[in-house]
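The values are calculated or read from the model by the stated rules, or taken from the named source; none is laboratory data. Just so you know, these numbers come straight off a predicted model, no measurement behind them. Glycine gets a Cβ as well: all are built from the backbone with ideal geometry, and neighbour counts include every protein chain shown.
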Amino acid sequence: MAIPAWNRVAPVLSLVAEPIMLALQRAEHTPPQSVVSVSHVGKAAVVSLNFPVIRERQANLLEGPLSDLCDLAQGRVAMDLSQVTSFSCAWINALICLTRRCRTQGGELVLFGMDAASARTIRDTGLLDHLVLERDKASALKALGEEPVSNWRLAVARMLDIPVAIPESQGLAPASLAPASFSVPATPPPLPTRYAA
């Protein structure tokens, strides 16, 4: 009795298909990459957008939650646009609306990390009257009156695997953005003295 051709091919296909199916299953269970992340330094919220292209639909989806964030941060927001490579007029309109919302609360929306071509377009079109641009996070935080966390504090926090936060009295209320769970002192601790043997 002859074995049908598909029976001879099926074991070979299963050997090839099995690793592909396992890879697909693993890919389905990997957590999605976040598109918006929020942290805070002092009373300022720092928003990072991971959208390569922002068109009208994305601008409309982002504007509502970002408006709420402006309210929570009392108008003091720094926005990282380093991952945004292209955007539409709808996004510029959303940024202007967010800036106005921040200013009505006595704060400011400071954009940083924008690529050179986009920043030049905003400058050339006169939009700097409505938007505040800075080169990097440190200068954006300074524009908001906040100082970034010093390098030694970050190094200590990384070594001890603890989150760095500003004390509650200086930072945002714990219910608003993120709880202030740990505070590193402003000056480094004294070095231990060695005893002579």
Going through the range 102-137 in order, the residues found to be of a type in the set (A, V, I, L, M) and surrounded by 14 or more Cβ atoms within 10 Å (Cβ to Cβ) are 109, 110, 111, 114, 119, 122, 127, 131, 132, 133
Can you confirm whether the range 156-168 contains a residue that is surrounded by fewer than 16 Cβ atoms within 10 Å (Cβ to Cβ) and either small (Gly, Ala, Ser) or at pLDDT 90 or above (or both)?
no
Could you tell me how many of the residues in the range 128-159 are touching a Ser or Thr at 6+ places or on another chain (Cβ under 8 Å) and among the aliphatic types (A, V, I, L, M)?
2
Select from the range 7-55 the residues that are part of a strand (DSSP E or B), more than 17 Å from residue 83 (Cβ to Cβ) and at pLDDT 85 or above and list them in ascending order.
44, 45
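One line per residue, one yes/no per condition, for (1) in a helix (DSSP H, G or I); (2) in contact (Cβ under 8 Å) with a residue 24 or more places away in the chain:
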position	(1), (2)
57	yes, no
60	yes, yes
63	yes, yes
67	yes, yes
71	yes, yes
74	no, yes
78	no, yes
92	yes, yes
97	yes, yes
